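This report concerns only the one structure given below.
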Amino acid sequence: MYALTAHLVFVPKYRRRVISERVYAVLKGSWEATCTDFECELRESGYEPDHVHLLVGYPPKVALSSLVNSLKGVSARRLRAAHLPEVDRKLWGPHFWSPSYCAVSCGGAPLAIVKRYVEQQRGREASSPP
């Protein structure tokens, strides 16, 4: 049994404000598929126009850097294949994500608190300033 949980934050290239509800739906579908492939669990996710939050449970055999590489790579490819105008207008070239990411272990914090924080990020693009 294991209880490894990471809070991940990804930012689009140039921190462009390209994540809409439609973009998020494509991203979330690809993250769920990737987590299944890695025998991980996408416990929660949320977004703002310029970044996303993921709460992922993963087994000890999975290197977090490999998981992040696949989460970002697969989601970027699927998103580019969708040809959504809000992405194509603001980002050029084959890349979607910035090469960096934030990964924070959630071992010490109660999972309910981290989940609540990530949930609060969902759908805030309408209330965020441009």
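The values are calculated or read from the model by the stated rules, or taken from the named source; none is laboratory data. All of these numbers come straight from a predicted model, not from anything done at the bench. All Cβ positions, even for glycine, are placed from backbone atoms using ideal geometry, and neighbour counts span all protein chains on display. When the accessible area is computed, the model is the full protein with side chains, heavy atoms only, and any ligands, DNA or RNA have been set aside. Shrake-Rupley method; radii C 1.70, N 1.55, O 1.52, S 1.80 Å.
Across the chain, the longest piece that holds none of the chymotrypsin sites (Phe, Trp or Tyr not before Pro) lying in DSSP loops with up to 12 other C-beta atoms within 10 Å covers 3-91. Placing unit charges on the Cβ atoms of the charged side chains and taking the dipole of the chain about its Cα centre, the candidate lying farthest along the positive direction among Val56, Ile19, Leu8 is Ile19. For Lys13, the lysines whose Cα comes closer than 29 Å to its Cα, not counting residues fewer than 8 places off in the same chain, are Lys28, Lys72, Lys90, Lys115.
Simple point charges give the picture: +1 on the Cβ of Lys and Arg, -1 on the Cβ of Asp and Glu, and for the chain a dipole about the Cα centre of about 360 debye. Taking 0.36 nm per residue of separation and subtracting the Cα-Cα distance, full extension of the segment from Leu64 to Ser105 would add 13.7 nm.
Size descriptors for the chain (Cα atoms only): Rg and Dmax, in that order, 14.3, 46 Å. For the chain, the relative contact order works out to 41 percent when only alpha carbon pairs closer than 8 Å and six or more residues apart are counted.
Solvent exposure of the chain, expressed per residue, is 54 Å² of accessible area, with all protein chains present and a 1.4 angstrom probe. Over the chain, dividing the summed -39,500 (n - 2.57) contributions of all DSSP H runs of at least 4 residues by the number of residues returns a 222 nm mean residue ellipticity of -12000 deg cm²/dmol.
Backbone amide hydrogens, once placed in the peptide plane, bring Arg43 within less than 5 Å of Leu55, Val56, Gly57, excluding anything fewer than 5 places away on its chain.
Of the DSSP H helices in the chain, those that are both long (alpha-carbon extent of 18 Å or more along the helix axis) and hydrophobic (Kyte-Doolittle mean at least 0.0) are 64-82.
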